[in-house]
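The values are calculated or read from the model by the stated rules, or taken from the named source; none is laboratory data. Owing to the predicted nature of the structure, the values given are computational and were not obtained by experimental measurement. All Cβ positions, glycine included, derive from the backbone under ideal geometry; neighbour counts span all protein chains shown. Areas reflect the complete protein model, heavy atoms only, side chains present, ligands, DNA and RNA absent. Shrake-Rupley method; radii C 1.70, N 1.55, O 1.52, S 1.80 Å.
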Protein chains: 2
Amino acid sequence: MRIVFPVFEGLTALDAVGPYEVLRMLPDADVVFAAAEPGPVTDGAGMLTLTATAALADVTEADVLVVPGGPGARANVGNEELLEWIRRIAATAGWTTSVCTGSLLLGAAGLLDGLRATTHWSATDLLEAYGARYTEQRVVEQGRVITAAGVSSGIDMALRLAELIAGPVAAQAFQLAIEYDPQPPFDAGSYSKAPQAAKDYLASR
Amino acid sequence: MRIVFPVFEGLTALDAVGPYEVLRMLPDADVVFAAAEPGPVTDGAGMLTLTATAALADVTEADVLVVPGGPGARANVGNEELLEWIRRIAATAGWTTSVCTGSLLLGAAGLLDGLRATTHWSATDLLEAYGARYTEQRVVEQGRVITAAGVSSGIDMALRLAELIAGPVAAQAFQLAIEYDPQPPFDAGSYSKAPQAAKDYLASR
């Protein structure tokens, strides 16, 4: 069970690490973090560095492809080398997935044309420009293509994917292992529910 | 606003990355990942590598201390050098916090004696051995010491901490930024709610 995350400068780390902590528990999971070159990759905030364990060119297939988002995803929508790699791996993958603005990379690669899909709430117009039909859901399944909304939604997506791959008991076990019994102190986690003051705060930064 | 995460071989990455993605948005946040030596630190599953950006010895104070857990936390409860560092930094910190079995390190450092605290559901006896009173809550606040339950609970903890530091509007803005509107596909995220089959699945691995 080869699970491949492309990583790049400017990714949002939680987009990758959330699903990783679920999917790494799949039976015989072999997780690869792949970048143009192996080595350090710094996140969009410039404060956290992950390590790419393989070069994109050395990864030729995947059972599960998970494309994270972040400022670096938006910056790479014209990176034909990355897009061609995504197309090539997606053609081999049982499941092609994205978290947050990772869906823009799937879209730019031509993989969402005509499909329902989701992304971070700030990128819905960009997603639709690739022919996807933005759908305001946390996880959108279209056959073997699954897209998740912003950042933290990758955890929910990965649990659903674990259910599809290994069944509901395994997925519930993984949820218990990461003690995912969410109790956010506010109900401000979606654009439709967040108060205007919170939106203004973000817009002012 | 200096936010310090000690990191070590065998940590659970999400324990650190979940709170990181919230706390990095605090005004003037300066995040440091500190290990015995700067450089790569591999997680408990052996598949994900973070980078420590500083040596423990070079970090002498923090506004916020966040101690992650994982197999490496359990392995380090006798590491006097790390425990002494935790005691020293906690003495300077406005907030001393832990995620998952990171609380065992706070306990081993003598910081939880007589306090209510939480940890991963699998480590409650170990926690109480340090004089803490295990409390089955996702986030436990005792003055300036805040402990969170397993792995994913660090996100909830960090949002509460953001509220305490920067106010509710900022915390709600951060929740919106990471689109934390959790919708797990099952209700199996706590030991009291998970079905027996899921517990059996974990025990069999």
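The table below gives the values:
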quantity	calculated
Number of the condition not met by A:Ala149 [criteria: (1) within 12 Å of chain B (Cβ to nearest Cβ); (2) crowded, with 24+ Cβ neighbours inside 10 Å; (3) in contact with a Leu (Cβ under 8 Å, 6 or more places away or on another chain)]	(3)
Residue selected from the range A:169-192 under the condition of a type in the set (S, T, N, Q) and over 18 Å from B:Ser122 (Cα atoms), by the criterion least open to solvent (accessible area, probe 1.4 Å)	A:Ser190
So B:Pro195, is it crowded, with 17+ Cβ neighbours inside 10 Å, without any contact (Cβ under 8 Å) to a residue 24 or more places away in the chain and at the interface with another protein chain (Cβ under 10 Å from one of its Cβ atoms)	no
Filter pass, B:Arg205 being surrounded by fewer than 16 Cβ atoms within 10 Å (Cβ to Cβ) and more than 9 Å from chain A (Cβ to nearest Cβ)	no
Residue match in the range A:10-24 (condition: surrounded by fewer than 18 Cβ atoms within 10 Å (Cβ to Cβ) and either more than 15 Å from the chain's Cα centre (by Cα) or of a type in the set (Ser, Thr, Tyr) (or both))	no
Residue count, the range A:152-168 (criterion: open to solvent by 10 Å² or more (accessible area, probe 1.4 Å) and facing another protein chain (nearest Cβ under 8 Å))	3
Number of positions in the range A:39-65 that are out of contact with any Leu (no Cβ under 8 Å at 6 or more places or on another chain), surrounded by fewer than 19 Cβ atoms within 10 Å (Cβ to Cβ) and either over 12 Å from B:Thr49 (Cα atoms) or within 7 Å of chain B (Cβ to nearest Cβ) (or both)	10
Selection within the range A:26-38 - open to solvent by 20 Å² or more (accessible area, probe 1.4 Å) and either at pLDDT below 95 or among the hydrophobic types (A, V, I, L, M, F, W, C) (or both)	A:Ala29, A:Ala36
Which numbered condition A:Arg2 fails, given (1) within 21 Å of A:Gly150 (Cβ to Cβ); (2) in contact (Cβ under 8 Å) with a residue 24 or more places away in the chain; (3) open to solvent by 10 Å² or more (accessible area, probe 1.4 Å)	(1)
Residues being facing chain B (nearest Cβ under 7 Å) and without any contact (Cβ under 8 Å) to a residue 12 or more places away in the chain - total across the range A:169-192	11
Condition check for B:Ala123: within 30 Å of A:Ala149 (Cβ to Cβ) and part of a helix (DSSP H, G or I)	no
Candidate set from the range B:112-133 (those that are within 14 Å of chain A (Cβ to nearest Cβ) and open to solvent by 10 Å² or more (accessible area, probe 1.4 Å)); member that is farthest from A:Glu21 (Cα to Cα)	B:Thr124
Residue in the range A:53-66 that is in contact (Cβ under 8 Å) with a residue 12 or more places away in the chain, in contact with a strand residue (DSSP E or B) (Cβ under 6 Å, 6 or more places away or on another chain) and under 21 Å from B:Phe33 (Cβ atoms) present	yes
A:Leu23 being in contact with a Phe, Trp or Tyr (Cβ under 6 Å, 6 or more places away or on another chain) and either more than 11 Å from chain B (Cβ to nearest Cβ) or touching a residue at least 24 places away in the same chain (Cβ under 8 Å) (or both)	no
Any hit, the range A:84-95, residues being over 15 Å from A:Phe5 (Cα atoms) and within 14 Å of the chain's Cα centre (by Cα)	no
Residue list for the range A:101-111, filter: of a type in the set (A, V, I, L, M, F, W, C), open to solvent by less than 10 Å² (accessible area, probe 1.4 Å) and out of contact with any strand residue (DSSP E or B) (no Cβ under 7 Å at 6 or more places or on another chain)	A:Leu104, A:Ala109
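Quick grid of which residues meet (1) under 17 Å from A:Ala158 (Cα atoms); (2) within 15 Å of the chain's Cα centre (by Cα); (3) not hydrophobic (A, V, I, L, M, F, W, C):
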{"position": "B:Arg133", "(1), (2), (3)": "no, no, yes"}
{"position": "B:Val145", "(1), (2), (3)": "no, yes, no"}
{"position": "B:Met157", "(1), (2), (3)": "no, yes, no"}
{"position": "B:Gln175", "(1), (2), (3)": "no, no, yes"}
{"position": "B:Glu179", "(1), (2), (3)": "yes, no, yes"}
{"position": "B:Gln183", "(1), (2), (3)": "yes, no, yes"}
{"position": "B:Lys193", "(1), (2), (3)": "no, no, yes"}
{"position": "B:Ala203", "(1), (2), (3)": "no, no, no"}
